[in-house]
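**Q** What follows is a structure written as structure tokens; I'll ask about it next.
Read-outs: derived from the displayed coordinates by stated rules, not from any lab. Note that the structure is predicted; figures quoted are calculated from it, not measured. FYI the Cβ positions are ideal-geometry reconstructions off the backbone, even for glycines, and counts take in every protein chain you see.
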Amino acid sequence: MNIGLKPFDRLTQAELNIWVKEGQQRSQLGQLPSYIPQLAQVNPQEFVVKILTIPGPSYQAGNEALRFPVMSVIKCFLLLNRLLELGEERVFQRVGVQPSDQPFNSLEQLESDGGWPRNPMINSGAIALAGLLPGKDADTRCQYLCSWLNQFGDCQLVLDRDILESVRSAPNAKNQALVSTLAAAGYLEYPEITLDTYNQICCLSATISDLAKLGLLLLKPPNPQWQNASRIVKALMMTCGLYETSGQFAVKVGVPTKSGVSGAVLSIIPDLGAIACYSPPLDSQGNSMGGLFLIEKMVETVNYPHFSRSKCGLLASTGIASEETEVCSGD
Ligand SMILES: NC(=O)CC[C@H](N)C(=O)O
């Protein structure tokens, strides 16, 4: 039993280093994405982690100076921004809240929904919301979101022009088809500007500290309006953030998590901390293999109640409080 210990007191740097090493090994089972040339050329062994905790201590491993494009992790913050600036009603006139069991760029899903984008965590939904950013062109729209995040998140995101060139050099037929379908269904006004905006915001680059600080925006919302918006974002991260794997991961690990095809991944442990990880090799759904492994181990280490419950079949259904889940965790 660890009565009296605060959750992150259980985590030591030595322990984190062990999990990083194992995560690195496991990541070798994954693959780099091939459809964005520059992402196919990164070092697959790179493994960077930053954990910021509400109690105070922070933990890190790997090259803190390394910059990487956040890719789909930006979808959380595009949604946060649009909820705060436009309100729930307008946002959810453009995008749904239903999980999808199809890949993140599925045209079939969008077509079977009659052009209605299912949720903001898949490409169709994020593209629809990118169409609601203010500004006359894609550069202005991307810079607007970038500055907003840098201001409120106290971070230094910058547009990675090399990655953007790489994205543009291999036009993505799937995203183009999503844009046309959205526009034809009336959920998008300026298809070209919008696709370019979406590509640019995915190419915003961050250090691992930047990514973890963005997590704090969802962990410690400054006022009731932010609280409501971040509640919605976290709910959708939990149900849709890892695409087809979302449900399984929610049951097994139980924390809102969002991945990007660069290998970036961000998890929020409610009331406790934010975990940012970058490990490029992906599983078949496009989620960082090493990143998801590390997050699972961290949540297990801090003994977050959802995790204990999922490990303790019977207790799970009784809703028994934390003392019992501690016994069950084997401490
Ligand atoms: N899953 C992702 O990170 C997808 C983002 C990427 N820009 C794409 O549209 O393919």
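**Q** Within the range 236-267, which residues are within 13 Å of the ligand (Cβ to nearest atom), under 20 Å from Pro69 (Cα atoms) and not polar (S, T, N, Q)?
**A** Hits for the range 236-267 are Gly241, Leu242, Tyr243, Lys258, Gly260, Val261, Gly263, Ala264, Val265, Leu266.
**Q** Restricting to the range 144-161, name every residue that is surrounded by fewer than 15 Cβ atoms within 10 Å (Cβ to Cβ), of a type outside the set (Val, Ile, Thr) and not in a loop (DSSP other than H, G, I, E, B).
**A** Ser147, Gln151, Arg161 - these are the residues of the range 144-161 that are surrounded by fewer than 15 Cβ atoms within 10 Å (Cβ to Cβ), of a type outside the set (Val, Ile, Thr) and not in a loop (DSSP other than H, G, I, E, B).
**Q** Taking into account only those residues within the range 199-215 that are assigned to a helix (DSSP H, G or I) and of a type in the set (S, T, N, Q), which is surrounded by the most Cβ atoms within 10 Å (Cβ to Cβ)?
**A** Applying the first criterion (assigned to a helix (DSSP H, G or I)) to the range 199-215 yields 199-202, 208-215.
Those still in the list that are of a type in the set (S, T, N, Q) too: 199-200, 209.
Numbers: Asn199: 21, Gln200: 25, Ser209: 19.
Within the range 199-215, the match that is surrounded by the most Cβ atoms within 10 Å (Cβ to Cβ) is Gln200.
**Q** Identify the residue in the range 94-143 that is of a type in the set (Lys, Arg) and either within 22 Å of Met71 (Cβ to Cβ) or touching a strand residue (DSSP E or B) at 6+ places or on another chain (Cβ under 6 Å) (or both) and, among all such residues, is surrounded by the fewest Cβ atoms within 10 Å (Cβ to Cβ).
**A** The selected residue is Arg94.
**Q** Which of the residues belonging to the range 111-124 are touching a Phe, Trp or Tyr at 6+ places or on another chain (Cβ under 8 Å) and within 15 Å of the ligand (Cβ to nearest atom)?
**A** Across the range 111-124, the qualifying residues are Pro117, Met121, Ile122, Asn123.
**Q** If you don't mind, there's one more thing I want to ask. As an exercise: evaluate Gly56 against (1) on the phi > 0 side of the Ramachandran plot; (2) of a type outside the set (Lys, Arg); (3) touching a residue at least 12 places away in the same chain (Cβ under 8 Å) and give the number of the one condition it does not meet.
**A** The failed condition is (3).
**Q** Are there any pairs, at least 6 apart or on different chains, whose C-beta atoms fall under 8 Å, with the first in the range 173-188 and farther than 12 Å from Ala126 by Cα and the second among the acidic types (Asp, Glu), and if so, which?
**A** Short answer, once both residue conditions are applied: Thr181/Glu111; Ala183/Glu189.
**Q** On the basis of being on the phi < 0 side of the Ramachandran plot and surrounded by 15 or more Cβ atoms within 10 Å (Cβ to Cβ), does Asn63 make the cut?
**A** Working: on the phi < 0 side of the Ramachandran plot: yes; surrounded by 15 or more Cβ atoms within 10 Å (Cβ to Cβ): no.
Answer is no for this residue.
**Q** When the residues of the range 20-60 are filtered to those that are part of a helix (DSSP H, G or I), aliphatic (A, V, I, L, M) and buried (at least 18 other Cβ atoms within 10 Å of the Cβ), which remaining residue is nearest to the ligand (Cβ to nearest atom)?
**A** Leu39
**Q** Could you please give the count of residues in the range 165-191 that are within 13 Å of the ligand (Cβ to nearest atom), surrounded by fewer than 20 Cβ atoms within 10 Å (Cβ to Cβ) and within 30 Å of Gly62 (Cβ to Cβ)?
**A** Selection size over the range 165-191: 4.
**Q** Okay, next question. Please work out which one of (1) within 15 Å of the ligand (Cβ to nearest atom); (2) closer than 30 Å to Glu46 by Cβ; (3) part of a helix (DSSP H, G or I) is the condition Thr194 fails and give its number.
**A** For Thr194, the exception is condition (2).
**Q** Given Glu85, Glu111, Glu64, which one is among the acidic types (Asp, Glu) and within 19 Å of Ser205 (Cα to Cα)?
**A** When all the criteria are applied, what remains is Glu64.
So that you can scan it fast, the table gives a plain yes or no per residue for (1) over 27 Å from Ala173 (Cβ atoms); (2) of a type in the set (A, V, I, L, M):
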residue	(1), (2)
Phe77	no, no
Glu88	yes, no
Ser106	no, no
Glu111	no, no
Leu129	no, yes
Leu133	no, yes
Asp139	no, no
Phe152	yes, no
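**Q** Need pairs with beta-carbon distance below 7 Å; first residue without any contact (Cβ under 8 Å) to a residue 12 or more places away in the chain and within the range 14-37, second assigned to a helix (DSSP H, G or I); sequence gap 6+ or separate chains.
**A** Hits for this filter: Ser34/Ala40.
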